[in-house]
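Participant: Sending over a structure as C-alpha cells; questions will come in a sec.
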Amino acid sequence: MYCKFCRNVLFHVLLLRRVKMKKADIVIVGGSAAGIEAAITARKQYPSKKVIVVRKEKDTLVPCGIPYIMGTLGSADKNVMPVGLLGDAALIVDQVTSIDREAKSVTTAGGEVIGYDRLVLATGSRPVVPPIPGANLKNVFTIRKEIDYLEQLRKALSQAKDVVIIGGGFIGAEFADECRKMGLNVTVVELLEHCLYLNCDEDFCIRIEDKMREVGVHVNTTCRVTSIVGDEKVHHVECEKGLRFKADVAILAIGVVPNIELARDAGLEIGEQKGIWVDQYMMTSDPNIFAIGDCAEKFCFFTGKPTATRLASVATREARIAGANLFQSRRRRNRGTIGVFGTMIADTAVGVAGLTERASRALGFDLVIGEAAAVDRHPGTMPGAKELRVKLIFDRSSAKLIGGEACGGITAGEIANVMAQAISTERTWDDMAAAQIGTHPALTASPLVYQVVNAAEEAVAQLD
Ligand SMILES: Cc1cc2nc3c(=O)[nH]c(=O)nc-3n(C[C@H](O)[C@H](O)[C@H](O)COP(=O)(O)OP(=O)(O)OC[C@H]3O[C@@H](n4cnc5c(N)ncnc54)[C@H](O)[C@@H]3O)c2cc1C
C-alpha cells in the first residue's frame, strides 16, 4: 500500500509520462501578425526569457497580401511570412484547445501541455458567413487566411468568367481589382451607399468607385444580396429590386469575427464588440494573460468606446505594447485605436487616418476642414507625377487634427501615416501649417504646395 504522499508523487509521474509537458516563460497562441510581433518584442525586451509560439499552421500568409495572390503574385506561396521572423522563439504547430488558468498551462489538440508564466492570446479572427441562402454552394468563398483554401479560390477564379464580390469594403475592392487583372468580368455588390463607406468620406469613395468603373468593374451600391443561386455550384447572385448577376464564383467579403472561444471557455471577460476584453496595457481580466490583435477588444482613441477596427497595423502595435508590458506592467500604454488604413485600386491610392468628416459630425464635433491638391512630384513634368488631394479635419474647439484623407498617387499611403502621427500627438492647425517637412522632386510635392501643410493653411484661413 502507498501512503497519500507517495500516491500523489506516483500520480504526477504517471501524468508527466502520459502527457508531453513543456514550459516557457512566455507562451503565445497564434503566429500571424500579432503573435509574431509579440514574440519579436518579447525577445528584445526580455532576452533571457524563453518564448514558445503555438499556431495552427506551419506557414503563415502575409494577411494583407491575400488579395494580391489572385492576380499580381499569382500564387499563395509568394505571400508567406519568412519563418526567420520568429528569431529564436520556439514554434509549435498545433491547436491550443484549452487554458488552465490555475495551473498556468495550455493544452493542445496534439496532447501537449505547455506551462507559462505569461500567456499572450493572438488567435485572430475568421470571416463572417452571412445567413444568405446559397452561401454554402460550391464556388462560394469567404476570405480565409489559409494557403490551401486560397489556392482553391485562385484555381476556381482561373477557370471562371464571371465573379461577384459581395461587400465593397477595402478587401472586397482589392479582390475586385485583382480579379479584373485576371481578365474576369467582375461585379461588386455593396449594401451601403458607397464602397469604402466605413473608411472614407463620400467624395473619396466616389473617386475610388469611379476608378473601379473606369477599369471595368461593375459597381452596385445600396444593393442588398437576397440569395446566391445555383444547383450544386453557384450560378448567379440575386439582389433586391430584381437585380441578378451571373457568377461562376462568388466571394463573400463582409467582415470578420474575433476568435475568442479559448478565452471565453477559460472564463476571461469578453467586451461589447465581442473581442477579449483588455485594459490599456493589453492585459485581460487575468493579470497573467494578455490579448492582442483581431481577437482583442479595441477602444477608440477619440471616444474611449469599444470599436471594431481590426487591422494588421493595429495588431502589431498592440503586440509591441503587450510584449513590453509582460514582466514590467504599465511600461507601454494603449491610448486607443486611431484607425489608419490605405488601399490602391488600379493606379489610384487612398490613405485615411482617424475620423471621417461624417463620423466626426455624428459624434458632435464642430469642424474646420482644409483641403489641398497638388501633383506629388515637382515639377509636375517629372516622371510618375500624379495629383494627390488631401483633406484635413480639425476640431474647432481644440484646434486639433482628428482626421485626414488623401487620394491620388501612391504617396497617399505614407501621407496617412503622417496624418496619424499628427493626430496621436495632438497637433493643431497652426502646428501643421508650420510643420517641418522634407521634399524632393522625385519623391514629393514641391514645398510651395505640400498638400498636408497647405490643407492646414486652408483650414486656418477659414477661421473668423
Ligand atoms: C484579405 C485581407 C486583406 C487585409 N489587408 C490589410 C491591410 O492592407 N492592412 C491592414 O492593416 N490589415 C489588413 N487586413 C487585416 C489583417 O489581416 C488582420 O488585422 C491581421 O491578420 C490580424 O492579425 P492577428 O495576428 O491578430 O490574427 P490572424 O491573422 O487572424 O492570425 C491568427 C493566428 O492565430 C492562430 N490561432 C487561432 N486559434 C488558434 C488556436 N486555438 N491554437 C493555435 N493557434 C491558433 C492562427 O493559426 C493564426 O496564426 C487584411 C485582412 C484580410 C483578410
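Readers should treat all values here as calculations from the given coordinates under stated rules, not as data from a laboratory. What you see is a predicted model; the values in this text were computed from it and never measured. As a convention, Cβ positions derive from the backbone with ideal geometry for all residues, glycine included, and neighbour counts pool all protein chains shown.
Participant: Helix 412-424 versus the longest principal axis of the chain: what angle, 0 to 90°, nearest 10, using Cα atoms?
Facilitator: Between helix and principal axis, roughly 70 degrees.
Participant: Quick one: in segment 198-239, what % of C-alpha pairs are over 16 Å apart? Mind showing how you got there, number by number?
Facilitator: Working: 477 of 861 pairs.
In whole percent, the long-distance tail amounts to 55.
Participant: Now a separate question. Straight-line reach from K50: which aspartates and glutamates have a Cα under 12 Å away, not including same-chain ones fewer than 8 places off?
Facilitator: Answer for K50, where 12 Å is the Cα cut-off: D25, D88, D117, listed by chain and number.
Participant: Tell me, rounded to the nearest percent, the portion of alpha carbon pairs in the chain spaced more than 38 Å apart.
Facilitator: Values: 34715 of 107416 pairs.
Distances greater than 38 Å cover 32 percent of the Cα pairs.
Participant: By count of other Cβ within 10 Å, fewest leading, how are V96, V257 ordered? Don't skip to the answer; put the middle values down first.
Facilitator: Values: V96 23, V257 16.
Taking fewest neighbouring Cβ atoms as first place, the list is V257, V96.
Participant: On to the next question. What order do you get for Y450, Y149, Y281 when you list them from fewest to most C-beta neighbours inside 10 Å?
Facilitator: Numbers: Y450 23, Y149 14, Y281 18.
If I rank by nearby Cβ atoms, fewest first, I get Y149, Y281, Y450.
Participant: Let me ask you something else. Expressed as a rounded percentage, what relative contact order does the chain have, with Cα pairs under 8 Å and six or more residues apart? Let's see the in-between values first.
Facilitator: Numbers: 1054 pairs, mean separation 58.0, N = 464.
Value for the chain: 12 percent.
Participant: Would you calculate the convex hull of the Cα atoms in segment 108-205 and tell me its volume per residue in Å³?
Facilitator: Working: hull volume 16.9 nm³, N = 98.
Spelled out: Cα convex hull of segment 108-205, divided by residues, is 172 Å³.
Participant: From the C-alpha gyration tensor of segment 359-464, pull out the three semi-axes of the equivalent ellipsoid (sqrt of 5λ each), sorted largest to smallest, in whole Å.
Facilitator: On the way: eigenvalues 123, 33, 27 Å².
Semi-axes from the Cα gyration tensor: 25, 13, 12 Å.
Participant: Shifting gears a bit: Two decimals is fine: what's Rg over Rh for segment 342-406, C-alpha atoms, Kirkwood radius as Rh? Each step should come with its number before you reach the end.
Facilitator: Working: Rg = 14.3 Å, Rh = 13.1 Å.
So for segment 342-406, dividing Rg by the Kirkwood Rh gives 1.09.
Participant: State the extension gain, in nm to one decimal, for the chain segment bounded by Q328 and L463, taking 0.36 nm per residue of separation less the distance between their alpha-carbons. Walk me through the intermediate numbers first.
Facilitator: On the way: separation 135, 0.36 × 135 = 48.60 nm, distance 4.60 nm.
Stretched out fully, the Q328 to L463 stretch lengthens by 44.0 nm.
Participant: Whole-Hz Karplus ³J(HN,Hα) for segment 36-41, in order, using 6.51 cos²θ - 1.76 cosθ + 1.60 and θ = phi - 60°, x for Gly and Pro?
Facilitator: 5, 5, 5, 5, 4, 5
Participant: Kirkwood Rh over alpha-carbon pairs of segment 210-325, then Stokes-Einstein at 25 °C and 0.890 mPa s: what D in µm² s⁻¹, rounded to an integer?
Facilitator: On the way: Rh = 17.3 Å.
Once the numbers are plugged in, D ends up at 141 µm²/s.
Participant: Quick check on packing: order 167-180, 338-351, 99-112 by the mean number of other C-beta atoms within 10 Å, highest mean leading.
Facilitator: On the way: 167-180: 24.6, 338-351: 21.9, 99-112: 15.9.
Packing proxy ranking, top to bottom: 167-180, 338-351, 99-112.
Participant: Something else: Place a label point 7 angstrom from the Cα of D148 along the Cα-to-Cβ direction, then list the residues of segment 65-91 whose backbone nitrogen is under 19 Å away.
Facilitator: From segment 65-91, the list is 75-81.
Participant: Another question about this same structure. Please tell me which of these pairs span more than 28 angstrom C-alpha to C-alpha: K58/K104; K23/K58; K49/K145; K181/K391; K78/K274?
Facilitator: Details: K58/K104 25 Å; K23/K58 21 Å; K49/K145 30 Å; K181/K391 30 Å; K78/K274 33 Å.
Checking Cα-Cα distances, K49/K145; K181/K391; K78/K274 exceed 28 Å.
Participant: How far apart, in nanometres, would the label points at E426 and A346 be if each is projected 7 angstrom from Cα along the Cα-to-Cβ direction?
Facilitator: In this crude spin-label approximation the distance works out to 4.4 nm.
Participant: While we're here: Spin-label point model (7 Å from Cα, Cβ direction): what's the K49 to D88 distance in nm?
Facilitator: Placing both labels 7 Å along Cα→Cβ, they lie 1.6 nm apart.
Participant: While we're looking at this one, here's another question. For an R0 of 25 angstrom, estimate the FRET efficiency from the Cβ-Cβ distance between T72 and K138 and round to the nearest 0.05. Display every interim value, and only then the final one.
Facilitator: Working: r = 26 Å, r/R0 = 1.05.
Plugging the Cβ-Cβ distance into 1/(1 + (r/R0)^6) gives 0.45.
Participant: Find how much the distance from I270 to K58 grows on full extension, using 0.36 nm per residue of separation minus their present alpha carbon separation; answer in nm with one decimal. Display every interim value, and only then the final one.
Facilitator: Working: separation 212, 0.36 × 212 = 76.32 nm, distance 2.88 nm.
Going from the current span to full extension adds 73.4 nm.
Participant: Restricting things to Cα coordinates, could you compute the convex hull volume per residue of segment 144-262 in Å³? Provide the component values of the computation, followed by the final result.
Facilitator: Details: hull volume 15.0 nm³, N = 119.
Spelled out: Cα convex hull of segment 144-262, divided by residues, is 126 Å³.
Participant: Please rank L196, L121, fewest neighbouring Cβ atoms within 10 Å first, as an exposure proxy.
Facilitator: The most exposed by this proxy come first: L196, L121.
Participant: Grab the Cα-Cα distance for E193 and R396, subtract it from 0.36 nm times how many residues apart they are, and report the gain in nm with one decimal.
Facilitator: Working: separation 203, 0.36 × 203 = 73.08 nm, distance 2.82 nm.
Here the segment from E193 to R396 would lengthen by 70.3 nm.
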